Amino acid sequence: MDQGRVLQLMMQYLKENMLTETLYSLQDETGFKLVPGAKGSELQTILDDHEEQQTMMLAAGDGDEDPLAGVPDEPVVTKEAAHFAEMHPANVVALKFNPHDGNMLASGGANAKILLSDLEGNVSKELETPGRGALLSLDFHPKDPSLLLSSFMDGSHTISNIHDGSVVQHFQHHKKFNTKVQWSPCGNLFATCSHDHTVKIYRQAEQDGWQVASTHEFSSVAESMCFGPGALVVAVREDYRVHYIDLETGEVGTQSLNNLEGDTHVWCSVLDLVLSPCSRFLLCCTDRSRNIVLPYRGPAKHVRSLYGATNDELCTPRAVWSPGGRYVYCTSQDYKVVSWDITNQLVLEPLKGHKKTVRTIDHHPTKALLATGGFDKAVRLWGE
C-alpha cells in the first residue's frame, strides 16, 4: 500500500474519532489533504480483519512460533564514524569490506577503477581492470585472500589479484551490463546476473581457469541474486516469484512473493536479495518502499514486512544483515540508510549524511561498522 493511501486512511480515522488538531497537524506536516467520499471506517475494518486472521492462524497452529523473535542482541550501528569525500573523483557505486583483512575496504564506481584503502581512508593500491564503464559490483573470494571479483557496465567481469594488482581472468560473456557478481560460500563457484536477462554460473576448470558451467535465461532483467544452501536465488524484474537454481541438478524452482499460494499478482519487483547469516531467511528489497523477509526455500510467507525506506521502480536499493542477523540496513531513495530490528520489525534511527543517492552498502564482518558510498562521490563509515 502506497504512502498516500496510508495517510488517507489515517486522516479518515482521525476525522471519524474527532481528533481534529491531530488531523490538521498531520495534513500540515505531510502536505496531504483528506479526500472526501471514501468508504467509512476503512482503517478500523482493515485492523479488525487482520486481528481476526491472526486469531485464526493461532487457532490452526500456524503462527504460534516466531522464528526471528529470539535472535540474540548485538551491537547496532547508530552514527557516522568517518567521511572520505576526496577518495573518489566520481560516483561511488560499489564497495566491500575484505573478510580476510578487517582493515581493508575495496571501493569504486563511475571511473571503473578499484581502490583498496584502510579504514582511515588511506589508499594503498589502485587496481586497473579491462572493464569499461562504471564498476557495478565487488566480492572478495571467501577462501583465497588474493582474489577479488568485479563487474562493469560493459557487461564484463574480472577476477583480480589484490596482492600484485594483476588480472587473473577477464570475461566478456554478457550482452548488457552486469548488475551483480558473487562467489559461492565454498569459493568453488561464482555467479553473475545481467540486464540481458541471463544468469551465469562459473566453475573453476583444472587448467583453463574459470569457465561457464551453466547459463539460465529469464523473462526479464535479472536484478539480483545470492547463493544459499544448495541453490542460487535469482530476482527477476516484474515477476511475482524468486527463482532457485539447484546447484547440483540445474533445475529451477520458484517461491512466490505473495502470501497466498496460487496468487500470481505482480505487486513489486525485487531489486536486491540478501541471505541472512544463519542461511534460513531471504531479504527481498522491493521497488514499493517495502522490504520482505521470506523463509529460504520455504512457503509463500512474509516472515517480516519492513517499512520505512523510500524506494520506487527507478531506484537501486542495496541492503545488508548485521553479522549476527539481528539488524537489517537498507539504502533509501531519500539519501538515508534505514535500519530495523528484525526481532520486532521496529525502525531504528536512520543514518543521515549522504547528499545524493546512496548506491552501495556493506557491513564489516566482525565489527558494528557499516560502509556506504553514493552519487555524492563520498565513502562514509558508520559505527556505534
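The values are calculated or read from the model by the stated rules, or taken from the named source; none is laboratory data. This one's a predicted model, so the numbers in the text were calculated from it and none came from an experiment. Cβ: placed from backbone, ideal geometry, glycine included. Neighbour counts: every protein chain shown. Surface areas here come from the heavy atoms of the whole protein model, side chains and all, with no ligands, DNA or RNA. Shrake-Rupley method; radii C 1.70, N 1.55, O 1.52, S 1.80 Å.
Scanning the stretch 259-291 for residues that are in a loop (DSSP other than H, G, I, E, B), open to solvent by 30 Å² or more (accessible area, probe 1.4 Å) and touching a residue at least 40 places away in the same chain (Cβ under 8 Å) gives 259, 260, 277, 278, 279, 280, 288, 289. Annotation for the stretch 88-96: no member residue is free of Cβ contacts under 8 Å to residues at least 40 places away in the same chain and either of a type in the set (Val, Ile, Thr) or touching a Phe, Trp or Tyr at 6+ places or on another chain (Cβ under 7 Å) (or both).
The requirement of being more than 28 Å from residue 288 (Cβ to Cβ), open to solvent by 20 Å² or more (accessible area, probe 1.4 Å) and acidic (Asp, Glu) is satisfied by residue 251.
Each row is one residue, and each column tells you yes or no for (1) modelled with pLDDT of 95 or more; (2) outside any loop (DSSP other than H, G, I, E, B); (3) crowded, with 20+ Cβ neighbours inside 10 Å.
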position	(1), (2), (3)
168	yes, yes, no
185	yes, no, no
201	yes, yes, yes
208	no, no, no
213	yes, yes, no
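Of the residues 372, 331, 366, which single one is buried (at least 24 other Cβ atoms within 10 Å of the Cβ), in contact (Cβ under 8 Å) with a residue 40 or more places away in the chain, hydroxyl-bearing (Ser, Thr, Tyr) and over 17 Å from residue 117 (Cβ atoms)?
Values: 372 fails: over 17 Å from residue 117 (Cβ atoms); 366 fails: buried (at least 24 other Cβ atoms within 10 Å of the Cβ).
Checking each option against the conditions leaves just 331.
Filtered by the rule that a residue be open to solvent by 10 Å² or more (accessible area, probe 1.4 Å), in contact with a Phe, Trp or Tyr (Cβ under 6 Å, 6 or more places away or on another chain) and assigned to a strand (DSSP E or B), the stretch 137-166 gives a lone residue, 139. For beta carbons closer than 9 Å, sequence separation of 6+ or different chains, a first residue in the stretch 305-319 that is without any contact (Cβ under 8 Å) to a residue 40 or more places away in the chain and a second that is charged (D, E, K, R) and open to solvent by less than 40 Å² (accessible area, probe 1.4 Å), the qualifying pairs are 312/287; 314/287. Condition first: of a type outside the set (S, T, N, Q), within 13 Å of the chain's Cα centre (by Cα) and either crowded, with 20+ Cβ neighbours inside 10 Å or not in a strand (DSSP E or B) (or both). Can you find one or more residues in the stretch 297-307 that meet it? Yes - at least one qualifying residue is present in the stretch 297-307. Can you find a residue that is β-branched (Val, Ile, Thr), modelled with pLDDT of 95 or more and farther than 28 Å from residue 185 by Cβ anywhere in the stretch 330-346? Scanning the stretch 330-346 turns up no residue that is β-branched (Val, Ile, Thr), modelled with pLDDT of 95 or more and farther than 28 Å from residue 185 by Cβ. When the stretch 140-174 is filtered for residues that are under 24 Å from the mean Cα position of the chain (by Cα) and farther than 12 Å from residue 192 by Cβ, the ones remaining, listed by number, are 140, 141, 142, 143, 147, 148, 153, 154. The number of residues in the stretch 86-108 being in a loop (DSSP other than H, G, I, E, B) and closer than 15 Å to residue 124 by Cα comes to 8.
Scanning the stretch 308-330 for residues that are out of contact with any helix residue (DSSP H, G or I) (no Cβ under 9 Å at 6 or more places or on another chain) and either over 24 Å from residue 137 (Cα atoms) or of a type in the set (Ser, Thr, Tyr) (or both) returns 308, 316, 322, 326, 327, 329.
Residue 335: in contact with a strand residue (DSSP E or B) (Cβ under 7 Å, 6 or more places away or on another chain), aromatic (Phe, Trp, Tyr) and on the phi > 0 side of the Ramachandran plot, yes or no? So residue 335 fits the description; yes.
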